[in-house]
1. Does the stretch 129-174 hold any residues that are without any contact (Cβ under 8 Å) to a residue 12 or more places away in the chain and either farther than 18 Å from GLU238 by Cα or assigned to a strand (DSSP E or B) (or both), and which are they?
2. Could you list all residues from the stretch 69-98 that are under 24 Å from GLU130 (Cβ atoms) and either among the polar types (S, T, N, Q) or within 27 Å of the chain's Cα centre (by Cα) (or both)?
3. Of the residues LEU63, LEU112, which single one is touching a residue at least 40 places away in the same chain (Cβ under 8 Å) and surrounded by 12 or more Cβ atoms within 10 Å (Cβ to Cβ)?
4. Note down all Cβ pairs under 7 Å where the first residue falls in the stretch 81-104 and is within 24 Å of LEU180 (Cα to Cα), the second is at pLDDT below 85 and not in a loop (DSSP other than H, G, I, E, B), and they're at least six residues apart or on different chains.
Amino acid sequence: MRIVFALVLILGIALAGGAVYFASQQFNANQSRIAELKKRVSKNVELVDVYIAAAELKYGQILTKDDVKTIEWPINSIPETAFTKVEDLFGDEQETDSRVVIRVVDPGEILLSTKVTNLGEDAGVASRLEKGMRAFTLRVDVASGVSGFLRPGDKVDIYWTGEVDRGDKVTKLIMDGISLIAIDQTSGTATSEPTVAKTVTVAVSPKTVASLAQAQSTGKLLLSLRGVNDDTTSEAIEVTQNDLLGRQDEVVKATEVEKICTIKTRKGADVIEVPIPCTE
C-alpha cells in the first residue's frame, strides 16, 4: 500500500513539474512577443506585406501563386520594384497572362519586377535590356571566353590586342564591368556546367556598340571575368611588348655631321671635286 502511495505521489509531482515548466515556457514566449510588439509600437514602424519567393525560381519558369508568399516588411525600406499587392503581381481575376522569371530568385528573396517579365511578355533577350541599352554579340573562343566559365548575368572586362603606330602591338583595357545577357543562343542562368561558347552577347550603350565593332574588326578581344560582388572601376591599363619584356625604347642621339670642304678643278671636259681643309 505504501509503495502504491509513493508511486502516485511521485507521478503527481512529475505532472505538476511538467505543467509548471510548460507554463513557464509559454509565459516567456508571450513576454517576448509582447516586448517585440512594444518595440514596434515605440518606433512607430508601419509594416506591410511583401511578396517573396517560396522556393528557388529559375529562368524561364512561369510564375504562379504557389511560387510566392508574403512576409511583413517595414514600409520605409521596401525596394521600389517590389510587389505588395496580388493584383500588381498576377493581375485581376480576369487576367489570363502570366509573368515569366528572367533572373534566378533565391528562396526567401524579395521578388522584384526586374526579375520577372511584364504580364504576358516573352522572356527573351530583349526583356533583359534596360532602357537605352543595346545587345551586341562578340566572337569568342576557349581562350578569349574564359575557358567556358561565362554565364548570363556575369560581368566582364574587355581587353583589345592589336597594332598601333609603326606596327607596335599593344594590349589595352577598353571596357570594364560589361554585363553578359546571353551565351551563344542561351540567356538562361540555370546551368552550372562550363560550356565553350562561340559568341557572347553584352548589354551596352549605342556608342559602346560602335566602339566594340571597331575593336573587333581591328584586333582581338579578350574577356576577363569579374567577381560576383566586384563593382570597382578598373584603372587605365595598356601594355606594349617593350613593357612586357622590360625593355626601354632606344633613344637615337643626334650626332654632329663633319663639315667637308671641297674645291672644284676642271680637267678637260670633266669637273673634279677635291677635298681640302675647311677654314673658318
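1. We begin by selecting, within the stretch 129-174, every residue without any contact (Cβ under 8 Å) to a residue 12 or more places away in the chain; these are 131, 164-167.
The one that is without any contact (Cβ under 8 Å) to a residue 12 or more places away in the chain and either farther than 18 Å from GLU238 by Cα or assigned to a strand (DSSP E or B) (or both): LYS131.
2. SER77, ILE78, PRO79, GLU80, THR81, ALA82, PHE83, THR84, LEU89, SER98
3. Numbers: LEU112 fails: touching a residue at least 40 places away in the same chain (Cβ under 8 Å).
None of the other options fit; the residue is LEU63.
4. That search, which allows pairs on different chains as well, returns ILE102/SER127; ILE102/ARG128.
The values are calculated or read from the model by the stated rules, or taken from the named source; none is laboratory data. Here the structure is a predicted model, which means the values were calculated and not measured. Neighbour counts are summed over all protein chains in view; Cβ atoms, including those assigned to glycine, are modelled from backbone coordinates with ideal geometry.
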